[in-house]
1. Sort out which residues of region 91-115 are hydroxyl-bearing (Ser, Thr, Tyr) and assigned to a helix (DSSP H, G or I), and write them in order of number.
2. Select from region 24-38 the residues that are of a type in the set (Phe, Trp, Tyr) and open to solvent by 80 Å² or more (accessible area, probe 1.4 Å) and write down the one among them that is farthest from Val88 (Cα to Cα).
3. Give the residue that is surrounded by the fewest Cβ atoms within 10 Å (Cβ to Cβ), with candidates limited to residues of region 39-71 that are charged (D, E, K, R) and assigned to a strand (DSSP E or B).
4. Select from region 72-119 the residues that are within 17 Å of Val40 (Cα to Cα) and of a type in the set (S, T, N, Q) and write down the one among them that is surrounded by the most Cβ atoms within 10 Å (Cβ to Cβ).
Amino acid sequence: MKIFYTLLLLFLISNNSYSQNNCDQLPYSFSSYNEALKLVGNAKFSFVDYLNTSKSTVIQGAKYYSCDNKSGFMIIGVNNQRYIHQGVPINVWNNFKTAGSFGSFYNIYIKNNYQLSLK
């Protein structure tokens, strides 16, 4: 019985460390947008937020991922394409979520201001 509890404890410890965020292991620069989308999408972040953009005619979904709750990655669907932005401050994300027009806010405040770093 003692072995069972020891194995259970080891399983819980290893499972807990696996579930912690590993976003600090993400590279600063990516070789492609597809690589960035894959790595960011599979990483564990301390903060993840999704936005229902169904009221928008241009924006088809938005997600935000942050390691430090200060800045992070934003993945956004625009005209059936997915774009990823890096270094988006959380306050920009929060303002985007409450914008009257997601498309206008994106074009003015995000689109050309937070580019993904490519190698």
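The values are calculated or read from the model by the stated rules, or taken from the named source; none is laboratory data. Quick caveat: nothing in here was measured; it's all calculated off a predicted structure. Positions of Cβ are generated from backbone atoms using ideal geometry, with glycine treated the same way; all protein chains shown enter the neighbour counts. These accessible areas exclude ligands, DNA and RNA; they are computed on the full protein's heavy atoms, side chains included. Shrake-Rupley method; radii C 1.70, N 1.55, O 1.52, S 1.80 Å.
1. Passing the criteria: Ser104, Tyr106, Tyr109.
2. Among residues in region 24-38 that are of a type in the set (Phe, Trp, Tyr) and open to solvent by 80 Å² or more (accessible area, probe 1.4 Å), the one farthest from Val88 (Cα to Cα) is Tyr33.
3. Asp49
4. So the residue we want is Gln86.
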